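The values are calculated or read from the model by the stated rules, or taken from the named source; none is laboratory data. Owing to the predicted nature of the structure, the values given are computational and were not obtained by experimental measurement. As a convention, Cβ positions derive from the backbone with ideal geometry for all residues, glycine included, and neighbour counts pool all protein chains shown.
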Amino acid sequence: MRLLSLAVAVAAGMLCGDTSAQRLPDGFFPESLAVSKDGTMYAGSATQSAIVRVAPGASDATPFIAPGSGLLSVQGLLVDDEGAQLFACSADLGVAQAPKSASALFSFDLASGALRGRWELPEGGFCNDIARGPDGNLYISDTASARVLKFDLKLARLSVWSEHPLLGGAQFNGNGIVFDGRVLYLSTFSDGRLLRIPMLADSLAGVPSTVKLPRALAGADALRYLAPGKLVVFENDIGGGNGRVTVIEPEGATARLTTVAEGLDEPVSGIVNGRSVVIVESQFRKLFGDQRGMPPAPFRLRTIRWPVSPDDLTSIALPEGTAYPNGIAAAADGTLYLGLIDQGRLLRRNRMGAWSTLLPGSKDVFAGTTLRLDAARSLLWGASPDFLPHRSGARLHRIFSVDLRTRRLRDVLPLPDAGFGNDIALTPQGHVLVTDSVGGRVLEFDTTTRQFKIIIDHPLLTPNNGIGAAGIARAHDGRLVIGNYGTGKLLIVDSGALHQIELPRLLENPDGLAFSPDGALIVLEGAVTSGEGKISRIPDPFAKGRRVIEVIATGLDSPTNLSIAPDGTAYVTESRIRRRLIKMKDANETPTFRIFKVPV
């Protein structure tokens, strides 16, 4: 799925500066977000009956529409740049501080904030979300009624555009609204449906129909346009606690769903720009849900990038005849070191791009599933497990080191107790940490005493079926993160104690792990069963509570290991080993093997 290349063409307001740290007022409980063509963002509050704005490049929101304007809970927002006005839906969520009044559409002057107009919904209703149609008029979802309203900009008048039983179905349902060409799409909050209403040649509404989805949407809120045939839905999932941002790809009567971020705190709205989306996390569970009454965390806007496909990434071709890459290490000067799954030959790529053999394969080193560079000591450490046993019989799994000054093999160290050494991490003292994928433990090789010792042995590291503890990454403070390939869990080792990271879903065969310069954990999901390999990002992996998973690349064929250079570029090996592990129709074809460069 080529989300990035399509999203770059989106005609949306381009945001300036770093939007990921923009703060909203305390107690704001945001419900909506809109952007003007100059990049100014506007956010509305469910509780404070106010609207704030965030100037391009600013880190804090400033007041725009103060309480007392007549607004209740601010719902959908839409900027009319041509008319220099901000439209806002106002409705009663039962939590606003303002006196109760009828649900209405408001218009405020963009320059002064002065009220330009107020239009109550005909025969009552609940003004929720707003979209601009291809005819230039505004269309509004009425959550309390089975209808969509039209606001004629020239006549300044509200009327019913479409009314049909499909648009209802529950007391609080029709919610997000967006156009893709001449088709209006409406999401339903209570029962998680997606509806389509064609706009006829005379701008009248056609007959609504239901788009069949692979699953029900979880608290579907705002909808946004991404590209032709691609929409974005913000699933707040107040009842389930797993807020998501999901791409919808309608194809006639059906649609495909691709979740790009999950574990969010009730996302209700957002802004799509060319390469990313700015998300409003409402924290509504603390207002309406099972966490009601708990103090909210500071309210901030969160920015995530759209996941890219392999075709969108810069790749490095391997020398002819080189197959099944795995271990990789990136030096500060741009040199790359590469290991392979099914042979012990180690390759070196200099900063000019020329490949050479660093170490030929031998009976001592027969695989390179991981490589880690100890630049201070000019050593390259690797793991050589007998993952694909040789016809002559199984060989002892081992780790090894190469002296980069002499380019000679320095250490060959079989793992004790027939352990299966999978991935390694290095300590500042030069000691080597090794995951044992069969024994459910992490070993440390002390380079001073020349001895192995067990630093953690725990059932959570054991294999569910086949491979257990796999990837390992060491943070600057010494804490470790370990992925269990078979169970899909991530574990933290802190001062000898092990505990599980709370995630919104199990990872799909987590393999290589690494920390990015900003402290986020980058995880490669090998996805042996589905074949949809991913590069995922977990911000603040050591924070308490459920963590967020952001997918930054998808569609890879068995990504296995990575190394992050000082400039923040991740070098990722696409091993394509899945074709060796399961029977595939094209298993006899000669695949292309690559290293991907991924900015993280």
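Out of all the residues in the stretch 256-264, is one or more over 21 Å from residue 194 (Cβ atoms), of a type in the set (Asp, Glu) and either at pLDDT below 95 or crowded, with 20+ Cβ neighbours inside 10 Å (or both)? Full working, then the answer.
Within the stretch 256-264, the subset over 21 Å from residue 194 (Cβ atoms) is 263.
Remaining after also requiring of a type in the set (Asp, Glu): none.
For the stretch 256-264, residues over 21 Å from residue 194 (Cβ atoms), of a type in the set (Asp, Glu) and either at pLDDT below 95 or crowded, with 20+ Cβ neighbours inside 10 Å (or both): absent.
Is it the case that some residue within the stretch 278-301 is of a type in the set (Val, Ile, Thr), closer than 21 Å to residue 213 by Cβ and touching a helix residue (DSSP H, G or I) at 6+ places or on another chain (Cβ under 9 Å)?
no
For the stretch 331-353, name all the residues that are of a type in the set (Val, Ile, Thr) and surrounded by fewer than 18 Cβ atoms within 10 Å (Cβ to Cβ).
335
Can you give me the number of residues within the stretch 294-305 that are touching a residue at least 40 places away in the same chain (Cβ under 8 Å) and in a loop (DSSP other than H, G, I, E, B)?
3
For the subset of the stretch 316-370 comprising residues that are over 34 Å from the mean Cα position of the chain (by Cα) and among the acidic types (Asp, Glu), which member is farthest from residue 558 (Cα to Cα)?
By that ranking, first place goes to 364.
Could you tell me how many of the residues in the stretch 521-559 are assigned to a loop (DSSP other than H, G, I, E, B), in contact with a strand residue (DSSP E or B) (Cβ under 9 Å, 6 or more places away or on another chain) and crowded, with 18+ Cβ neighbours inside 10 Å?
Final tally of qualifying residues: 8.
Yes or no: residue 271 assigned to a strand (DSSP E or B), under 30 Å from residue 575 (Cα atoms) and in contact with a strand residue (DSSP E or B) (Cβ under 8 Å, 6 or more places away or on another chain)?
Working: assigned to a strand (DSSP E or B): yes; under 30 Å from residue 575 (Cα atoms): no; in contact with a strand residue (DSSP E or B) (Cβ under 8 Å, 6 or more places away or on another chain): yes.
Answer is no for this residue.
So, of the residues in the stretch 213-230 that are part of a loop (DSSP other than H, G, I, E, B) and in contact with a strand residue (DSSP E or B) (Cβ under 9 Å, 6 or more places away or on another chain), which turns out to be nearest to residue 195 (Cα to Cα)? Working first, answer last.
To start, the set of residues in the stretch 213-230 that are part of a loop (DSSP other than H, G, I, E, B) comprises 213-219, 228-229.
Of the ones still in play, those that are also in contact with a strand residue (DSSP E or B) (Cβ under 9 Å, 6 or more places away or on another chain) are 213-215, 217-219, 228-229.
On the way: 213: 10, 214: 14, 215: 14, 217: 12, 218: 15, 219: 15, 228: 17, 229: 14 Å.
Within the stretch 213-230, the match that is nearest to residue 195 (Cα to Cα) is 213.
Just the residues that are surrounded by 16 or more Cβ atoms within 10 Å (Cβ to Cβ) and of a type in the set (Ser, Thr, Tyr), please, taken from the stretch 473-515.
485, 487
Are any of the residues in the stretch 52-64 modelled with pLDDT of 95 or more, more than 23 Å from residue 282 (Cα to Cα), part of a strand (DSSP E or B) and in the same structural domain as residue 223 (by TED's automatic domain parsing)?
No.
May I ask you to verify whether residue 110 is over 20 Å from residue 224 (Cα atoms) and assigned by TED's automatic domain parsing to the domain that holds residue 203?
Judged against the criteria, residue 110 is a match.
Can you list the strands (runs of 3 or more DSSP E) lying wholly within the stretch 458-507 that have 3 or more residues being touching a residue at least 12 places away in the same chain (Cβ under 8 Å) and on the phi < 0 side of the Ramachandran plot? It would help to see each step written out before you state the result.
Details: elements: 469-474, 480-484, 489-494, 497-500.
Output list reads 469-474, 480-484, 489-494.
Restricting to the stretch 360-397, count the residues that are modelled with pLDDT of 95 or more, in a strand (DSSP E or B) and not polar (S, T, N, Q).
So the answer is 9.
Cβ-Cβ under 7 Å, sequence separation 6+ or interchain: first residue in the stretch 273-293 and outside the structural domain of residue 221 (by TED's automatic domain parsing), partner in a helix (DSSP H, G or I) and crowded, with 20+ Cβ neighbours inside 10 Å. Which pairs?
none
Mind listing whichever residues of the stretch 314-331 are out of contact with any Leu (no Cβ under 9 Å at 6 or more places or on another chain) and either among the aliphatic types (A, V, I, L, M) or at pLDDT 95 or above (or both)?
314, 315, 317, listed by residue number.
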